[in-house]
Structures are given as C-alpha cells and as structure tokens.
Amino acid sequence: MKNHGRLPLIAATLLMIGLALSGCSSSSQAPAVTNLSGAGATFPYPLYSKMFDTYNGVTGVRVNYNSIGSGGGIKALTDKTVDFGASDAFLTDEEEAAMGAPVLHIPTCVGSVVLSYNLDGNPALKLDGTVVANIFLGKITRWNDASITALNPGLSLPNLAITVVHRSDGSGTTSIFTSYLSAVSAEWKSSVGAGKSVSWPAGVGGKGNDGVAGMISQAKGSIGYIELVYAVQSNMPFASLMNASGKFVVPSLSSSGAAAAVASDLPDDLRVNIVNSPGADAYPISSFTWILVYKEQDYAGRTLGQAQALKNLLTWVLTDGQAINAGLSYARLPEPAVTKALALVGSMTYDGTAIP
Amino acid sequence: MAQRSHSDRRELIREHAFSAAGLTAAIALVATIVLFFVQLFVTSRASRTAFGLSFLWRSEWNPVTEQFAALPMVVGTLATGFGALLISTPFALGIAIFLADYAGKKVAEPIKYLIGLLGGLPSVIFGLWGLFVLVPLVSKFEVWFGNLVGSEALVASGTTGVGLLAAILLLAIMILPFSSSLILESLLVVPAELKEGALALGATKWDTIQSIELPYVRKSTVGALVLSLGRALGETMAVTMVIGNGMKMPRTLFDPGNTLASAIANQFLEATSPLYVASLIELALILFVIAIIINIAARVILRRGVQQ
C-alpha cells in the first residue's frame, strides 16, 4: 500500500521538475524543490562546484555551495541554515553532540596530502613516517642527517638546514597530516597530537595551500605539506612515503584510492581515519572528505520534497558524479566505500520513515 | 509677509531635521563602538572564565589540548606596530618636509600622486611583494648576520626570511604613505606670515623648519603617527604573508611570530570548539582595548604638548 502511495508522488515530483525546467510551472501546485544549499570545506570546492554544475544540467536542481571552511559548514548545519554541511574531518563526539540529532557522514572523494620540498635538482626523495615526524618535531634539522640519507642511498643530500613549513590557518589538510604523524609516531601523538590546528614544535606557517607552497618555493631546504591536487596543479616535487606494509609509494590518484579500498577496515558509518592504511599500494596520508546531513530530514519545517531532492543529489554524487573526480585530481571512492555510503544515504528518513 | 514666515518655518524645520539626523548618526557611531565592545566581551565569556587574566601573560596556544593564551600575539602586535612606526617616522617627516619646503611644484605633485597611489594599494599586494621581494632580502641579511655574530641560536628558526623583522619592514613601508601625507597636509597650512616673519628676522630655512613649522604641526604629527600605528596594529593580510605565523613566543626579531589580527584571520574559519572560538574572540577584545589605550595615550600626550 505504501509503495502504491509513493509512485504517484515520484511521478508528481518528476513532473514538477519538468514543468519548472520548461518554465511553465503553475502556481497552484506545491513548488518542486529545485534549490539546495550547502556550506563547508574548501578542499573539495573545485570538485563540488563542477559536480553541482553538472547536476544542474542533468536534473535542473541548483545546488549552492559556499566554501566557508569545515568549521563554518558544521556550524551552518548545526544552526540548520543549510541542507548539508561539508567537512574534511569527521565530527568529534563533542561536535556531534552539539548537533542535537544523528548526522550521517557521506564521503565524496579521497584526498591525499603530500610532502613537498625545495632542494637543488629536485631529487626524488623517499621518506618514512618516523623521519617525517622527527623533521616536524624539529629533531632532524639538516638534510644530510643519517636517517634521511639511509632511506635515499642513491642521492647526495646537501648539508643544509631543514626549514619546516606548515599551515597557519586551521584546515582539514592539517588534520589529515597530524593524524598521520600521530599514527606513526608515539612522540608526536603525546607531545603534539592531531587536529585542524596544532601547536607546532618547529617551523614557519603559511596561510592556505598557496601560502605553504609559496614559502616552500622561496626557501631552499624547506619542506612542507600540501594537498596532492595542489602539488599536481602547480608542478611541485613531492616525496614517496613508506606505507604501513613497508613499501615506498608515490602519491597519486590510484594510491590515494587504494588507501580507502581496505573494505574490512571501513566501519558502516564511514566515520573513519584512513591514514597509514594497511593496503599494499596505499599512500599513507589519505583521507575521505565528507558531506554531512541529518539522518532525520523532518526538521526546521523542511518538506519531504527537500529531503528527496537532497537524497537524489547524494545518490548521484556517489554514482554518476564519481566520474568527475579523476579529471579534477580527486581520487574516486573505491567500490566498498560507495556501497557503504549508498547504504547510509538509504538510511535517511523523513518523519521516521525511509525517504522514497 | 505670510510668504516669508512660511519660508522661515520651513527653514527651521529643515534645520531641526538636519540636526536630528546628525545626532542620530553620531549616536549610531557611539552605539556601534559600544556594541562592538559588549559583543566581544560577551562572546569571549568561555575563554575569560576558563583562563581569567592569565590569558594575558601566559604564552601557550595549543588547540589540541585547548590551552590558550595571548602573550605571544600581544608581543607580536606591539613589536611589529611600534617597530614599523619607529622605522617609518623619520622617513615620513623627511618626505613631508621635502615636499612642503624644498621640492618645487613640478617635483612635488607627481610624488604626492605616487604616495596617494601607494596608500591605496590593497594590502594583499604589499603582502605578495613582501613574500617575493622583501623576504628573500631579509633572508640574505639573516645569513649575513648569523655569520657575523657566529651564533646559530640567533637564527635557529632557519633563514627563511619570514618573521617579525620582515613584518616590521613591510608595515613600515605600508604606513609611510599615510603618515607622510598627513604630516604634509599639516605642514602646508602653517601660516605663511609665520614663516616669512622668521625668514625676515634672519632665520635660515632650516631654522624656520625647526623652530616654527615643526612645533606648529606637532599636534597633528602625533595624530598622524597614531593613525598610522592604528593601521599597522590592525593590518592582517600582508602581515600574515610574511610574519611566519608562529604561535610561540618569539625570542629574536628573526623568529616567526604572529599578531592578534593575523592569528584571528588565520584560525577563526576552522575553529569549532566553543572555547577555541571564545579565545579567538578574546584576542579581538584585546586588540580593541589596545587600540583604545593608544588613542587615549595620544590624547594625553597632545594635551601635555599644548600646555607646554
């Protein structure tokens, strides 16, 4: 009986979208939802703007996305002023409690953070977790330190001071990078820890990826972390990293995706850190970026139409939309993650019942 | 007659309306400032209760452990602001005196135009210039200075060039158009009779400048410098790009540091925990109070100057 009730509703929605597209929607009918709004992370902004632009072309639904930062996105969703938020780090328990209702984490792509450096001749550097942690702790201060040369037998590294460059603004990139350092170094975990902004033991700070990249390109002997997308676009050299299974991996779209492909390690809520992933070909500093939505969509006077439009959008992002990822240097979600994410989208409810 | 009284009444109404509008605008201005303060004070409550006054003199800023304190940023703000003022003031006076008393119109006009242009440049352009031109020069100086004193410790944070010194130099250049053009304006209104009188009494040009013009413009010069200092203290974008954004207490001028404005701009966007946000707002409150104190101090100095 219920299914019978839904079918006409879908038909009606489609009809209304069609009418809206052809510009002759009659005012007597309930308005079809053709506008959705979201706010949050800046990291996936180029991807989202391309995705939502394509989606608008396919369905006529316009999605406004404001890249105001993950913090702002979480706040906007908490204040219920947007349909969805977006964040580079999953919500802490404290943040989730502040939401007042269960929130779903829907991953949209896999992002990686690379170590970029400025050395004469751009040697192909190899590093491992311990060495990276010790550099950022300020314990390894010169490029010809024995622990670095041991990993790079073919290279002659200069007797040059290492300048550490980090982000000065709070960012998901920093959160991913410091989570990695905490995973590979007990000392980092206890003395610094992980977060969107931390108390850096060494180095100078640059604002944004461009700030860090600018600082690296200015200073000989500097090393800093930036997003893979940014490093690829601006032709910056980056280091291979030894992953959890002892293999040196060059950061790339496929090695980022590999980090998320270890299905057994993905929890059903996908609220998971995938740094230092055990996958054989996985690049260790990788992470999902998420779209955040309320599980129960009947809040703050929202209509069923809005809930449906949002569900349709998320489903599209996880399926057809994934084709857009690679072209913009974002790794697409591996199959197990898509399956679990679609299950999460399917669990969205309106007034306690599943959204048709 | 009736015509006349009618127009008088209209005149009166117009005057009242104008005075009321003016009063409203004036009250709105004062109210905005008061509201600013109240808003900052109220929204920083979490931080004020958690850390109390020790927020002002402790120096740990750690978002992971949620320990926040303002001293490194207060030091960074005052050091860069006053450092920039110290460096730029002699240049500002020199430029203003040269343009007012030495340069002919053909020389002065283009220079004045360029100063105006420099003053109108968006600060991000100064920041980019600072990062790509000034910072490498400071870096060379650091290397030279490190070799000179033979101390690695002085330049232990590396010789990237970013740090307090780069910020001071950049701010000095940024506030120069303001202070020099304001001082110039006041030099230009020194009554010609005074200058001519001094010259007629046999004073040299230099004597006239020293004993007539400069004392005459002392008050407005202090005003100009305070305005420039205000700009230096609040400058955000350009400072962020060259100061190194270190949240630790700087030990030397070569160390990376941070200012209150720059720290807020850097971290506010992604600050999520309530205590973190409140602490950043308290930084804004401190900056607000510093601005007020400097303005009051300037007034006190001016009044003393007048009494003497």
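FYI, it's all coordinate maths here, none of it is from the lab. Bear in mind that the values here come from a model prediction, so they are computed numbers and not experimental data. Cβ coordinates were reconstructed from backbone atoms using ideal geometry, including for glycine residues, and neighbour counts include every protein chain displayed.
Using only side-chain charges placed at the Cβ, +1 for Lys and Arg and -1 for Asp and Glu, the dipole size of region A:231-356 relative to its Cα centre rounds to 200 debye. Relative to its Kirkwood radius, the Cα radius of gyration of region B:1-150 gives an Rg/Rh of 1.19.
Here region B:230-308 is assigned +1 on the Cβ of each Lys and Arg and -1 on the Cβ of each Asp and Glu. Its dipole about the Cα centre then comes out at about 460 debye. By the count of neighbouring beta-carbon atoms within 10 Å, fewest first, A:R62, B:R58 end up ordered A:R62, B:R58.
Under conditions of 25 °C and 0.890 mPa s, chain A yields 114 µm² s⁻¹ as its translational diffusion coefficient, taking Rh as the Kirkwood radius over Cα pairs in the Stokes-Einstein equation. The chymotrypsin sites (Phe, Trp or Tyr not before Pro) of region A:263-302 that DSSP puts in a loop, and whose beta carbon has at most 16 other beta carbons within 10 Å, are A:Y299. By the count of other C-beta atoms within 10 Å, a proxy for reagent exposure, A:L157, A:L228, B:L287 are ordered fewest to most as A:L157, B:L287, A:L228. Taking the alpha carbon gyration tensor of chain B, multiplying each eigenvalue by 5 and rooting it gives semi-axes of 40, 33, 17 Å, largest first. Based on alpha carbons, the Rg and Dmax found for region B:167-308 are 20.6, 71 Å. For region B:1-69, the gyration tensor built on C-alpha atoms gives a prolate shape. Its axis ratio a/c (a ≥ b ≥ c) is at least 1.5, and a/b is the larger of a/b and b/c. Shielding of peptide B:269-281 by partners, expressed as the average count of other chain Cβ atoms within 10 Å per residue Cβ, is 6. Oblate is the label for region B:108-147, because a/c, from the alpha-carbon gyration tensor with a ≥ b ≥ c as root eigenvalues, is 1.5 or above and a/b does not exceed b/c. What's log10 of I(q)/I(0) for region A:59-191 at q = 0.13, 0.20 Å⁻¹, Debye sum over Cα points only, no solvent? Relative scattering, expressed as log10 I(q)/I(0), comes to -0.72, -1.19.
With q set to 0.23, 0.29 Å⁻¹, the log10 of I(q)/I(0) for region A:242-298, from the Debye formula over equal scatterers at the Cα positions, is -0.83, -1.17. Note on chain A: with charges restricted to the Cβ of Lys and Arg (+1) and Asp and Glu (-1), its dipole about the Cα centre is near 300 debye. If you look at the Cα atoms of the protein assembly as shown, you get an Rg and a Dmax of 30.4, 110 Å. When B:K140, A:K207, B:K219 are arranged by Cβ crowding within 10 Å, least crowded first, meaning fewest neighbours, the order is B:K140, B:K219, A:K207. Here the 3J(HN,Hα) profile of region A:269-275, calculated from phi with Karplus coefficients 6.51, -1.76 and 1.60 at θ = phi - 60°, is 7, 6, 8, 9, 8, 10, 5 Hz, Gly and Pro shown as x. Once C-alpha pairs closer than 8 Å and six or more residues apart are averaged by separation and normalised to the residue number of region B:44-307, the relative contact order reads 30 percent.
For region A:122-261, the alpha carbon convex hull comes to 109 Å³ per residue, rounded to a whole number. Remark on A:H166: its backbone amide H falls under 5 Å from those of A:V204, A:G205, A:G206, a criterion applied only to residues 5 or more positions apart or on other chains, H modelled at 1.01 Å from N. The long axis of helix A:2-22 is offset from the longest Cα principal axis of chain A by roughly 80 degrees. Across peptide A:170-176, the average count of Cβ atoms from other chains found within 10 Å of a residue's Cβ is 2. Treating the Cα atoms of region A:205-356 as identical point scatterers in vacuum, please give the log10 of the normalised Debye intensity I(q)/I(0) at q = 0.12, 0.17 Å⁻¹, two decimals. With one equal scatterer per Cα and no solvent, log10 I(q)/I(0) is -0.64, -1.01.
Per-residue shielding of B:88-101, expressed as the average number of other chain Cβ atoms within 10 Å of the residue Cβ, stands at 0. For B:D255, the shell of other residues with beta-carbons less than 12 Å away shows a net charge of +1, using +1 for Lys and Arg and -1 for Asp and Glu.
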